[in-house]
1. Of all residues in segment 42-92, which are of a type in the set (Gly, Ala, Ser), within 14 Å of Gly11 (Cα to Cα), open to solvent by 10 Å² or more (accessible area, probe 1.4 Å) and part of a loop (DSSP other than H, G, I, E, B)?
2. May I ask you to verify whether Asp237 is in contact with a strand residue (DSSP E or B) (Cβ under 9 Å, 6 or more places away or on another chain) and within 30 Å of Gly126 (Cβ to Cβ)?
3. Considering only segment 166-190, state which residues are buried (at least 19 other Cβ atoms within 10 Å of the Cβ), within 13 Å of Ile130 (Cα to Cα) and either out of contact with any Lys or Arg (no Cβ under 9 Å at 6 or more places or on another chain) or of a type in the set (Asp, Glu) (or both).
4. Can you spot a residue in segment 27-39 that is at pLDDT 95 or above, within 24 Å of Met112 (Cβ to Cβ) and open to solvent by 50 Å² or more (accessible area, probe 1.4 Å)?
5. Scan segment 53-67 for residues that are more than 18 Å from the chain's Cα centre (by Cα) and aliphatic (A, V, I, L, M) and jot them down.
6. Restrict the check to segment 2-13 and report whether at least one residue is over 17 Å from Gly110 (Cβ atoms), assigned to a loop (DSSP other than H, G, I, E, B) and of a type in the set (Lys, Arg).
7. Run Phe218 past the list (1) touching a residue at least 12 places away in the same chain (Cβ under 8 Å); (2) open to solvent by 70 Å² or more (accessible area, probe 1.4 Å) and report the number of the one that doesn't hold.
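The values are calculated or read from the model by the stated rules, or taken from the named source; none is laboratory data. Remember, predicted model here, so these are calculated numbers, not experimental data. Cβ: placed from backbone, ideal geometry, glycine included. Neighbour counts: every protein chain shown. Only protein heavy atoms, including side chains, enter the accessible area calculation; ligands, DNA and RNA are left aside. Shrake-Rupley method; radii C 1.70, N 1.55, O 1.52, S 1.80 Å.
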Amino acid sequence: MREPATAVVTGASSGIGAATSRRLAGEGFRVVLGARRVERIRQLADEIGEAATAHELDVTDQASVDRFCQAAGETCRVLVNNAGGALGLEPIGSADEEKWRTMYETNVIGTMRMTRALLPRLVASGDGYIVNIGSVAAFEPYAGGAGYNAAKHAIRALTDVLRLELVGQPIRVSEIDPGMVETEFSLVRFDGDQKRASAVYSGVTPLTAEDIADIVAFVVTRPSHVDIDQVVVRPRDQARVWLVHRS
C-alpha cells in the first residue's frame with residue numbers, strides 16, 4: 001500500500017493554517033503542523049488523528065526551523081507557507097520599526113527559510129508543491145498598511161522568482177491572495193483589541209479560513225501538469241481593500 005504524501009503547514013495553530021491542516025488530512029495527506037503555540041497544534045493534531053503530527057516552529061528562528069524540519073521526516077510533497085500576519089496601522093511617519101521588522105521576518109524571511117530547508121525533499125518527491133499564502137495587500141497598497149504591504153509585495157516577488165528558478169523541475173508554485181478573512185488576523189494586528197478587530201468585519205460576510213483551505217486543497221490536488229500560479233479571492237462585497245459594501 002502506498003504511503004500517504006506529506007504536507008507541511010506553517011502557522012498551523014489557528015485560522016487558515018489550522019483549517020488547511022484539517023482539509024489536507026481529509027484529502028489523504030499526512031500533515032505536519034508547525035507553529036509557536038505548541039499546545040494548540042498538539043490539540044489540533046489530536047483532533048485530526050493519526051494523519052497529523054505537531055512540532056514547535058518559529059520561522060523567525062533558523063535553529064527552530066532546523067529542528068522542525070528534522071522532526072518532520074525525510075519526505076515532503078507539499079509545503080504551505082502560511083505563517084505571517086500584520087501588526088498595526090500606523091502611517092509611515094510614525095512607523096514602529098520593530099513591528100515592521102517582525103512582519104518582514106515572519107512573512108518573508110520565514111518563507112525563505114522553510115522553502116530553502118524543504119526544497120530538496122519537495123524536488124525528490126517527484127511532484128512537489130509550494131503554496132505561499134499572500135494577500136491582496138501584495139498589490140493593493142492602502143494608507144496605514146505600508147509595513148504589511150511591503151512584506152506581502154516581497155512574498156509576491158519571492159513566489160514569482162521561485163517559478164523562474166524551478167522551471168523544468170518536478171515542482172509547482174502557487175500564490176493564494178485572500179481579501180478579508182475573519183480569523184485572528186485583525187485581533188493580532190490591533191494588539192488584542194477585540195472591539196476594533198470585530199469592527200473590521202461589521203456589516204459584511206467575510207471569507208472564512210475554511211474557504212481558503214478549500215482553495216489550497218483544490219490547488220495541490222490538480223494533475224501534476226497543472227500549475228495554478230495565483231488565486232485572488234475576496235468576499236462578494238469587497239471590491240478593493242478599501243472598498244467594502246456594508247449592510
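1. Ala83, Gly84, Gly85
2. Values: in contact with a strand residue (DSSP E or B) (Cβ under 9 Å, 6 or more places away or on another chain): yes; within 30 Å of Gly126 (Cβ to Cβ): no.
The answer is no for Asp237.
3. Selection gives Ile171, Ser174, Glu175, Ile176.
4. yes
5. Ala63
6. Checked against the condition, which is being over 17 Å from Gly110 (Cβ atoms), assigned to a loop (DSSP other than H, G, I, E, B) and of a type in the set (Lys, Arg), segment 2-13 yields at least one hit.
7. With respect to (1) touching a residue at least 12 places away in the same chain (Cβ under 8 Å); (2) open to solvent by 70 Å² or more (accessible area, probe 1.4 Å), Phe218 is out only on (1).
Each row is one residue, and each column tells you yes or no for (1) part of a strand (DSSP E or B); (2) among the hydrophobic types (A, V, I, L, M, F, W, C); (3) more than 30 Å from Asp237 (Cβ to Cβ).
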| position | (1), (2), (3) |
| --- | --- |
| Leu164 | no, yes, yes |
| Arg172 | yes, no, yes |
| Thr183 | no, no, no |
| Lys195 | no, no, no |
| Gly203 | no, no, no |
| Asp211 | no, no, no |
